[in-house]
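Notes to accompany the following structure.
The values are calculated or read from the model by the stated rules, or taken from the named source; none is laboratory data. From a predicted model like this one, the values you see are computed outputs, not experimental measurements. As a convention, Cβ positions derive from the backbone with ideal geometry for all residues, glycine included, and neighbour counts pool all protein chains shown. The accessibility values were calculated without ligands, DNA or RNA, using every heavy atom of the protein model including side chains. Shrake-Rupley method; radii C 1.70, N 1.55, O 1.52, S 1.80 Å.
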Amino acid sequence: MTIYTIDELKQKIRTLDEKIEQAQSQVSFNGRSVSYQVTELTKQRDRYQTMLDELLAETGLRAKKHRIKYARFI
């Protein structure tokens with residue numbers, strides 16, 4: 001039984017990413033309280049990401065992750 005659909009989870013993660021980004025830009029002004037807020041938003045985002053990964057695994061879809069297979073350093 002799923003609570004959210006894949007699209008709903010992706011939207012929630014996008015929204016949280018925006019909130020985290022905005023809060024991080026305010027850290028230098030407000031200090032500790034915003035830092036706590038960023039931590040809580042990040043935890044919530046991680047929970048949604050885990051739910052999304054599990055849902056994708058159940059439905060047989062894969063999460064698209066960009067990986068570098070080979071790197072060459074000269």
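Note on the stretch 6-61: dipole from Cβ charges, positive end direction compared against Ile20, Val34, Leu52; the farthest Cα belongs to Val34. Sum up the charges of everything whose Cβ sits under 15 Å from the Cβ of Tyr48, counting Lys and Arg as +1 and Asp and Glu as -1, but leave Tyr48 out. Surrounding charge for Tyr48 is -1. With the gyration tensor restricted to C-alpha atoms of the stretch 6-61, the semi-axes of the equivalent ellipsoid amount to 28, 10, 6 Å, longest first. Electrostatic tally near Ile20: other residues with Cβ closer than 14 Å to its Cβ, Lys and Arg +1, Asp and Glu -1, net +1. Of all the accessible heavy-atom surface of the stretch 6-61, with the other protein chains kept in place and a 1.4 Å probe, what percent is carbon and sulfur? Carbon and sulfur atoms account for 47 percent of the accessible area of the stretch 6-61.
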